[in-house]
Amino acid sequence: MSVVTGAAAAEAIDDVDGSAARVVGVFSRLREDLDNARRHDPAARSAAGIFFLYSGLHAIWNHRLAHWLWNHRAKGLARFVSQLSRFLTGVEIHPGARIGRRFFIDHGMGVVIGETAEIGDDVMIYHGVTLGGTSLAAEKRHPTIGDHVLIGAGAKVLGPVTIGSHSSIGANAVVVKSAPPDSLLVGIPAKPRPRPQTPPRGDRSMRDGARAASAHRASSDGRAVWSTVPGRSSANVEPEDMEQFRDPAMYI
């Protein structure tokens, strides 16, 4: 009798320890999300502001609940949670989608992520992004996004394509083919090319040029951009000088 009682007590203690560990894990993950949002958004002012006001984070938290329900044979309730989240946040994430850690949605309106989509760790996307399917069959029909991928506003990634880690997808690009790691994808349809390396921190002239290009991203003429670079004017611009400012990598 004492052996049975001791075993039951030990099992109860294990259950309590397991529950406590899960609670600690939830709060640890919550803190990780808040810190991640602060790193990605220079407009973030406080943890409280992020917690209460960032709809992209709310959508991710709701998805975790919906995904748990989906995997525990409560698919109807999971769909209800995801649709309620869509109504509240403007972000639609199917409960079946698999999302890694430190995922961040900036601005968060108009994002759609399909059922069989898979997203790695440290991925950031902007408003208007679609990770959609191109097939009506019940199969893998949505994209797989690697770790450390940036997807610009309005971009569409369609079909069971794979985007390699450390890649960037430009705003309004339409991606229908897979891309290797460290790719830059821009255009319609997007064509992958090697992602340019960030200029060294000590290279001030290149940093100034990148800032100027960012400030004039709406311009199609590199002369307007070049004229903002210290020590340069649009009167003596060589065509090869302007090419760097036409590089879509600077506009992401």
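The values are calculated or read from the model by the stated rules, or taken from the named source; none is laboratory data. Note that the coordinates shown come from a computational prediction; the quantities given were computed from them, not determined experimentally. Because the Cβ atoms are built from the backbone with ideal geometry, glycine has one as well, and the counts that use them run over all protein chains shown. These accessible areas exclude ligands, DNA and RNA; they are computed on the full protein's heavy atoms, side chains included. Shrake-Rupley method; radii C 1.70, N 1.55, O 1.52, S 1.80 Å.
Output the residues belonging to the stretch 102-111 that are within 12 Å of the chain's Cα centre (by Cα) and open to solvent by 10 Å² or more (accessible area, probe 1.4 Å).
Step one: list which residues in the stretch 102-111 are within 12 Å of the chain's Cα centre (by Cα), which gives 102-108, 111.
Result: R102, D106, H107.
Quick check on the stretch 87-101. Is at least one of its residues over 19 Å from the mean Cα position of the chain (by Cα), open to solvent by 50 Å² or more (accessible area, probe 1.4 Å) and more than 24 Å from G132 (Cβ to Cβ)? Before the answer, list the steps.
Here is the first cut: in the stretch 87-101, the ones over 19 Å from the mean Cα position of the chain (by Cα) are 87-88.
Next cut, open to solvent by 50 Å² or more (accessible area, probe 1.4 Å) only: 87-88.
With the extra rule that they be more than 24 Å from G132 (Cβ to Cβ), the set shrinks to none.
No.
Listed here are the residues, each with its yes/no results for (1) acidic (D, E); (2) assigned to a helix (DSSP H, G or I); (3) out of contact with any helix residue (DSSP H, G or I) (no Cβ under 9 Å at 6 or more places or on another chain); (4) surrounded by fewer than 16 Cβ atoms within 10 Å (Cβ to Cβ).
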| residue | (1), (2), (3), (4) |
| --- | --- |
| R39 | no, yes, yes, yes |
| A43 | no, no, yes, yes |
| G49 | no, yes, yes, yes |
| G56 | no, yes, no, no |
| A59 | no, yes, no, no |
| L65 | no, yes, no, yes |
| W68 | no, yes, no, yes |
| F80 | no, yes, no, yes |
| S85 | no, yes, no, no |
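Of the conditions (1) among the β-branched types (V, I, T); (2) free of Cβ contacts under 8 Å to residues at least 40 places away in the same chain; (3) under 26 Å from G159 (Cα atoms), V111 fails just one. Which one is it?
Status for V111: all satisfied but (2).
Restricting attention to the stretch 135-156, does a residue exist that is touching a Lys or Arg at 6+ places or on another chain (Cβ under 8 Å), open to solvent by 70 Å² or more (accessible area, probe 1.4 Å) and modelled with pLDDT of 90 or more? Explain how you work it out, then say what you get.
Keep residues of the stretch 135-156 that are touching a Lys or Arg at 6+ places or on another chain (Cβ under 8 Å), which gives 135.
With the extra rule that they be open to solvent by 70 Å² or more (accessible area, probe 1.4 Å), the set shrinks to none.
No: zero hits.
So P95 fits all but one of (1) of a type outside the set (D, E); (2) touching a strand residue (DSSP E or B) at 6+ places or on another chain (Cβ under 7 Å); (3) over 23 Å from R39 (Cα atoms); what number is the exception?
(2) is the only condition that P95 fails.
Of all the strands (runs of 3 or more DSSP E) wholly in the stretch 90-154, which have at least 1 residues that are more than 21 Å from P181 (Cα to Cα)?
Details: elements: 91-93, 111-113, 130-132.
The qualifying strands (runs of 3 or more DSSP E) are 91-93, 111-113.
In the stretch 161-185, which residue that is farther than 12 Å from L150 by Cα and in a strand (DSSP E or B) is most open to solvent (accessible area, probe 1.4 Å)?
T162
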